[in-house]
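See structure below.
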Amino acid sequence: MRDSVRNFFVMIELELRRLRHDRTELYFRAVQPILWIVIFGPVMSGIRAIPTGNIPYTDFITPGVLIQSTTFLCIFYGLMMVWERDSGILKKLLVTPASRYATVIGRSMASGIRAIFQGLIVIPVALIMSVKFIPNPAYFISAFVIIFLASGGFAAISILAASFMKTRERFMGIGQAIIMPLFFASNALYPVQIMPQILKDFSAFNPLSYVVDAVRGLLITGDLTNLPIDLAAIAIFDVILFILASVSFKRIIE
Amino acid sequence: METAVDVKNLVKVYNHKTRALDGIDLRLESGIAFALLGPNGAGKTTLMRILTTQLRPTTGEAYVFGLNVDREGGKVRRLISYVPQEMSVWTDISGYENLLIYAKIFGIPSHERKQIIDDSLKSMGLSQVANTLVKAYSGGMVRRLEIACAMLIKPKIMFLDEPTIGLDPSAKKVVWETLTSFKKEYGVTVFFNTHYMDEADLYSDRIAIIDKGKIVIQGTANELKRSVGGETISFDLAGNSINETIIQKIRGLTSVRDVMANSTELNIISENAETTLVEAMEILRIENIPLEKISIMKPTLDDVFLKYAGSRLETTGRISEVTHTRDMIRRG
């Protein structure tokens, strides 16, 4: 158990060290959410077609596109797991004293570090676009903790998918196929209320919706009534995915 | 002597059809260097992956220092270190950081960490590039870093899958000299797979040849070579023939297995060419047989391999293939 906890923190440290040497990926990945905030948001708010309550449309979508980009990042983090299988890193990690479950969960959670840094790049751009955040550091920190926790689950999705996809090329395709439905069938760009019933039902099972809802509450609206449900949903999502990823991990190494 | 590895009738079948290991029996004492030689697909890597608890055997049992690799994997992993054939370091951090991450994973106490890492880097000749990103390392430097990593903890047994593949001769020598002194100093058992006959010959105490999932022969390098047939001494008789009495005399010498003669050549097959040579020379001198030249031919591990695995071990193509793959991975 102690080995496993230690392994978890070492994986986080590894990610920090990687980022210290090279953050190019994060800068390029920030382009997409920045485009949503700088172009899509202002253009759409001009037509006032989407009911977002009292808050401006750009403010409304900022948490959504931020979470979309961190989710993207985490899903593609699975690519790195595939890469590590092709190389010997995964084999060597499996021969260390930590359990293989700790390795899976540790590697997944480490993607959360990247997600946090991604957020830190996007937020200043949102500030420049005069998005109004709730001026409460505790809320701000909580939002990032939630992003971190949810990231592990999304990375685990990619580990699960990677265990079925034996080549990188196939995985690139499946990555897109997972992320876009999650994004469009969520409350990231529009409130769930205006969706057709079938999408509303889907959204109830969409982890992305819960994450966006929690982060939007903490950063933009200050409405925390759904927060306990969101947190519970994220926790359940993480646990289920960690279990599935750990079980399917066997396929990756054989 | 403690038993380091004990394998009993080990079978591994992949996907219900590919029989990678077909009844392996192997027993190794601790503190030795053991080389497993075999052609591609013979099962070398599979055996190593089972012993390092990555794969479960289909049937049969394997023990490392008395611990069952299947049921007591966690305990086994505390005793071993492992260098896979493929590249196993992170290229986007420095060499020092790679070792630091592994030192932490292995739970080396913080006050010892720096010293241990510096020592490993130094013994592998990497101190100069410790803080350079691994991306910028040559293939040989990467391999040395991987071995340094396996030396961080003082394992009871080290598993090395093709440890020196793609290294130039001088780097190879450095690696083996370090491994040999490491083995001596800490009593570490070294278990390695290799394609290099010379490496198995020079640096191992015991060799096994594996082919089609079975161990076809095992023993020390000398035992294996002797098993192929003796060493041959050839005398060029400069056109003089020798009579049957002389042949009988030579046949009577200790270590001599067989003698063949014709008008131009005398061939003696012996278990120990050097001593037989002295004795045979003496007989020929007494009988006044003039000699033009003498040559000794000893069987090599290559001959051993040819006899038991039925083919020569093709190394060149295979090595360039692995090096190429490693390079591709390194460049990302």
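With contacts taken as Cα pairs under 8 Å and at least 6 residues apart, chain B reaches a relative contact order of 19 percent. Per-residue shielding of A:20-33, expressed as the average number of other chain Cβ atoms within 10 Å of the residue Cβ, stands at 1. Computed from the C-alpha gyration tensor, the three semi-axes of the ellipsoid equivalent to chain B are 45, 23, 18 Å, from longest to shortest. The convex hull of the Cα atoms of region B:1-74, projected and averaged over all directions, covers 5.0 nm². Given a cut-off of 27 Å, what percent of all Cα-Cα pairs of chain A lie beyond it? Roughly 36 percent, once rounded to a whole number. When every Cα-Cα distance of region A:1-90 is counted in 10 angstrom steps from zero, the calculated P(r) takes the values 14, 31, 26, 17, 11, 2 percent. Each of the GluC sites (Glu not before Pro) that DSSP puts in a loop and that has at most 12 other Cβ atoms within 10 Å breaks chain B; the longest unbroken stretch is B:3-286.
Across the options B:Gly230, B:Asn243, B:Leu284, the greatest Cα extent toward the positive end of the charge dipole of chain B (unit charges at beta carbon of Lys, Arg, Asp, Glu) belongs to B:Gly230. With 25 Å as the limit, the listed pairs B:Lys8/B:Lys104; B:Lys212/B:Lys298; B:Lys249/B:Lys298; B:Lys249/B:Lys293; B:Lys104/B:Lys154 have B:Lys8/B:Lys104; B:Lys212/B:Lys298 beyond it between alpha carbons.
Once you reduce region A:1-63 and region B:177-217 to the center of their Cα atoms, the two points are 51 Å from each other. Counting only DSSP H runs of at least 4 residues, each contributing -39500 (n - 2.57), and dividing by the residue count of the protein assembly as shown, the helix-based mean residue ellipticity at 222 nm comes to -18000 deg cm²/dmol. Built from the Cα atoms of region B:91-142, the convex hull projects on average onto 3.4 nm², one quarter of its surface area.
In peptide A:96-107, how many Cβ atoms from other protein chains are near each Cβ within 10 Å, on average?
Numbers: counts 10, 12, 5, 3, 3, 0, 0, 1, 0, 0, 1, 0.
That works out to 3 on average.
Rounded to two decimals, what ratio of Rg to Rh does region B:205-293 give with C-alpha atoms and a Kirkwood Rh?
Working: Rg = 16.5 Å, Rh = 14.5 Å.
Rg/Rh: 1.14.
Each label was represented as a point 7 Å from its Cα along the Cα-to-Cβ direction; for B:Arg285 and A:Ile229 these points are 10.6 nm apart. Each eigenvalue of the Cα gyration tensor of the protein assembly as shown, multiplied by 5 and square-rooted, gives one semi-axis; in descending order these are 65, 22, 20 Å.
For a 27 Å ceiling on Cα separation, which of these pairs sit above it: A:Lys92/B:Lys135; B:Lys12/B:Lys172; B:Lys135/B:Lys156?
Working: A:Lys92/B:Lys135 19 Å; B:Lys12/B:Lys172 32 Å; B:Lys135/B:Lys156 31 Å.
Violating the 27 Å limit, Cα to Cα: B:Lys12/B:Lys172; B:Lys135/B:Lys156.
Where a number appears in this text, it was derived from the coordinates with a stated rule and is not lab data. Since the structure is predicted, the reported quantities are computational estimates derived from the model, not experimental observations. FYI the Cβ positions are ideal-geometry reconstructions off the backbone, even for glycines, and counts take in every protein chain you see.
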